[in-house]
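The values are calculated or read from the model by the stated rules, or taken from the named source; none is laboratory data. On a predicted model such as this, the values are computed, not experimentally measured, just so you know. Don't worry about glycine lacking a Cβ; one is built from the backbone with ideal geometry, like all the others, and counts go over all protein chains shown.
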Amino acid sequence: MTSWLADPFQADMVLRALAAGVLAGCLCSLVGCWVVLRRSVFLGEAMTHGMLPGVAIAALLGTSLMLGGLVAALVMAVGVAAIGRSSKLSSDTSIGLLLVGMLALGVIVVSRSQSFAVDLTGFLFGDVFAVRTTDLVVLAVALLLTLGAVIIGHRAFVAVTFDPRKAATLGLRPQWAIPALTVLMAVAMVASFHVVGTLLVLGLLVAPPAAALAWAKSIPKVMALSAILGCVSVYVGLLISWYAGTAGGATIAGVAVLMFFASTLLAALRTNRRRVAVLAASAAVVAGCSSGDPAAAPTETSRASTGDGVAVEDGARESDGPLTRLVLVDPATGDTSVYDAVDETETAIGSYGPVTGLDGDGRFAYLRTGERTTVVDAGAWTFDHGDHYHYFAGTPADVATLDLPAASVGSSNSMVAVASPTGAVEVFDREKLGSKTVEAPAGLTVPSETAAAVPYGSRLVTVSADGRIHVTGEAGTTDLAGECTGVSWAIPTRRAVVFGCETGTVRVTGGENALTVTPAPYPADAPEQRPTAMEHRDRADVFAGIGGGNVWVLDSRQRSWTLLPAADAVATNTKGDGTVLILHRDGTLSAVDTKTRAETARIPLFPGPIPADGPQPVVDLDSDRAYINNADAKEIYEIDYADGLRIARTLSTEVTPGLMVESGR
């Protein structure tokens with residue numbers, strides 16, 4: 001048995017093939033990890049095919065084939081990036097067009113040269129048994145250079161892969177990191193194509209890292225396991241090729257792909273051991289009791305879903321992480337756009353005439369246009385699935401018009417409640433808004449004389465005009481023990497609903513069976529002028545508002561109030577970590593510690609004082625960045641509030657951003 005495994009490698013050409021394959025496997029694993037994580041497989045496939053004209057021209061000129069292939073692959077990558085930036089074509093369209101164009105150019109060059117010296121079959125499919133010492137040297141040098149680049153650029157590569165926005169704001173230069181990854185991809189392909197050929201090199205580049213992702217979580221571990229799997233693929237592929245007489249490169253690539261499917265199957269069995277056991281037992285029972293009648297066809301589902309059953313809308317895709325998009329509105333003209341803070345691109349939506357108010361629910365923006373409300377889908381949203389989140393991306397669009405003006409909006413995953421300035425409240429199916437359908441949730445009726453309403457899961461918590469609190473669901477309306485007279489605002493958090501009342505706030509929380517109302521009265525010595533609106537980070541339990549020359553901070557879980565003197569406050573917000581951001585009339589932005597009430601940082605933000613007339617700027621924030629709109633300058637300031645209020649970026653906009661809400665996170 002041992003001799004059977006070792007005998008083929010007694011031959012010098014097979015031993016060189018093994019050495020070349022191991023070097024190529026390790027090289028492709030270092031680069032392939034980023035290819036898989038960045039979902040750049042199609043680009044990689046196009047680059048391998050796009051090498052043909054470069055190799056052909058290099059052969060005609062008598063220069064290095066590898067140099068020609070490298071230049072052609074980089075031209076392909078630069079062309080894809082240029083077309084993607086300068087047109088409305090999607091990246092896959094530009095990749096497909098350039099792929100066909102480069103292949104056509106290569107074939108034309110070959111067809112016009114009667115003395116073409118390159119073995120096209122070897123170029124496409126590789127000749128692993130013809131590896132020379134110089135090829136081994138090239139592979140070794142490429143491996144060392146790539147390893148050094150991966151180590152040096154690890155932090156930038158991770159940031160640009162998972163959060164390009166953070167990469168930019170941390171000064172990690174994504175404009176250099178992305179091209180660097182593209183160059184590494186081209187180097188790996190060019191150095192490895194002698195082993196498995198350009199058509200099959202993608203097998204080594206993608207299959208081992210994809211298989212490793214099922215077992216390893218950190219990127220270094222994925223790379224290490226991928227390298228091991230790649231080397232095993234080379235060894236097993238060469239054994240099969242030796243004894244079966246098959247093509248070496250194709251066999252290596254085929255083994256790598258088979259190992260991916262085996263790894264995926266084993267990972268699924270490991271994750272669903274109990275489910276598999278139940279299915280196996282059920283299958284045995286069905287087989288034993290079957291009467292021979294044909295089995296019923298499985299029920300088809302009309303929509304895609306995530307692995308844990310969350311529906312994915314038609315035309316949307318699940319993202320690896322949260323996106324950040326800003327809905328911008330010019331209040332004078334109603335010109336509206338959606339600004340992608342990751343790609344720094346702006347999508348025009350429409351123009352709706354004068355807009356007097358703008359609200360958001362984390363995905364949709366609600367523009368008050370006269371006596372109606374225009375609903376704009378920002379095309380980015382987060383789905384709260386209890387113990388984890390799902391992130392989705394779609395196309396920004398104008399989706400609906402509601403027959404009431406929106407003064408405030410509250411939402412859950414399934415529904416949205418819109419309240420008008422006169423107190424009228426209507427509830428809509430939020431999921432159907434994504435498909436441009438305005439429809440009330442089935443079996444849910446808003447109680448009469450409702451002054452405020454906020455969805456809480458599949459139920460609706462309401463406050464009546466006389467201060468009574470109710471919960472409405474499919475079973476009807478139930479009174480809750482508590483009251484909220486003079487309700488002025490209502491906000492949903494991840495685990496509760498909070499209402500602002502004359503005497504303080506009430507927090508409504510609980511499970512499916514019962515809800516509890518907990519009051520948080522205003523401090524006894526608090527001034528009489530209270531905030532009429534509160535701001536917070538989406539789903540957080542800490543709020544901030546302005547009233548009576550103070551910034552009022554409420555920790556709704558602790559039922560505690562903190563008042564911060566700020567007579568010139570224009571806007572405020574808080575993440576809930578003990579720091580409040582305050583935008584002042586003189587154009588400066590400050591950070592205040594709520595425990596010590598001390599100012600911890602202040603920076604000049606606006607070039608001059610903020611006018612008191614017209615829509616006022618807002619401080620909108622997520623888990624690590626704040627966004628503040630400057631309508632006069634047509635700019636959005638992105639603030640890293642955890643780094644001394646550092647201005648991470650200044651985003652220039654086409655639309656005058658007099659009104660702004662953030663979506664996606």
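Here's the yes/no breakdown for (1) modelled with pLDDT under 65; (2) surrounded by fewer than 20 Cβ atoms within 10 Å (Cβ to Cβ); (3) of a type outside the set (D, E, K, R):
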{"residue": "Ala207", "(1), (2), (3)": "no, no, yes"}
{"residue": "Lys217", "(1), (2), (3)": "no, yes, no"}
{"residue": "Leu229", "(1), (2), (3)": "no, no, yes"}
{"residue": "Tyr235", "(1), (2), (3)": "no, yes, yes"}
{"residue": "Ala250", "(1), (2), (3)": "no, yes, yes"}
{"residue": "Cys289", "(1), (2), (3)": "yes, yes, yes"}
{"residue": "Ala311", "(1), (2), (3)": "no, yes, yes"}
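Does Ala156 satisfy the condition of being surrounded by fewer than 24 Cβ atoms within 10 Å (Cβ to Cβ), over 27 Å from Ala253 (Cα atoms), touching a Gly at 6+ places or on another chain (Cβ under 8 Å) and modelled with pLDDT of 70 or more? So that I can check it myself, show each step before the final result.
Details: surrounded by fewer than 24 Cβ atoms within 10 Å (Cβ to Cβ): yes; over 27 Å from Ala253 (Cα atoms): yes; touching a Gly at 6+ places or on another chain (Cβ under 8 Å): no; modelled with pLDDT of 70 or more: yes.
No: the conditions fail for Ala156.
When segment 440-453 is filtered for residues that are part of a strand (DSSP E or B) and either in the same structural domain as Thr516 (by TED's automatic domain parsing) or over 14 Å from Phe428 (Cα atoms) (or both), the ones remaining, listed by number, are Thr450, Ala451, Ala452.
Residues checked against (1) modelled with pLDDT of 95 or more; (2) out of contact with any Pro (no Cβ under 7 Å at 6 or more places or on another chain); (3) not polar (S, T, N, Q):
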position: Arg537; (1), (2), (3): no, yes, yes
position: Trp561; (1), (2), (3): no, no, yes
position: Ala567; (1), (2), (3): no, yes, yes
position: Thr579; (1), (2), (3): no, yes, no
position: Ala598; (1), (2), (3): no, yes, yes
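Residue count for segment 593-630 under the criterion of being over 30 Å from Gly321 (Cβ atoms) and aliphatic (A, V, I, L, M): the result is 3. Name every residue in segment 541-559 that is farther than 19 Å from Leu583 by Cα and surrounded by fewer than 20 Cβ atoms within 10 Å (Cβ to Cβ), in order of residue number. Across segment 541-559, the qualifying residues are Asp555, Arg557, Gln558, Arg559. Given the criteria surrounded by fewer than 19 Cβ atoms within 10 Å (Cβ to Cβ) and of a type outside the set (A, V, I, L, M, F, W, C), does Gly434 qualify? So Gly434 does not fit the description; no.
Within segment 463-505, being in contact with a Lys or Arg (Cβ under 9 Å, 6 or more places away or on another chain) and among the hydroxyl-bearing types (Ser, Thr, Tyr) holds for Thr472, Ser488, Thr493, Thr505. Among the residues making up segment 329-359, none is exposed (fewer than 14 other Cβ atoms within 10 Å of the Cβ), among the hydrophobic types (A, V, I, L, M, F, W, C) and in a loop (DSSP other than H, G, I, E, B).
Any idea which residue in segment 392-406 is nearest to Val461 (Cα to Cα), counting only those that are buried (at least 18 other Cβ atoms within 10 Å of the Cβ) and over 27 Å from the mean Cα position of the chain (by Cα)? Only one residue tops the list, namely Ala406. Of the numbered criteria (1) modelled with pLDDT of 90 or more; (2) farther than 30 Å from Ile610 by Cβ, the one Glu512 fails is (1).
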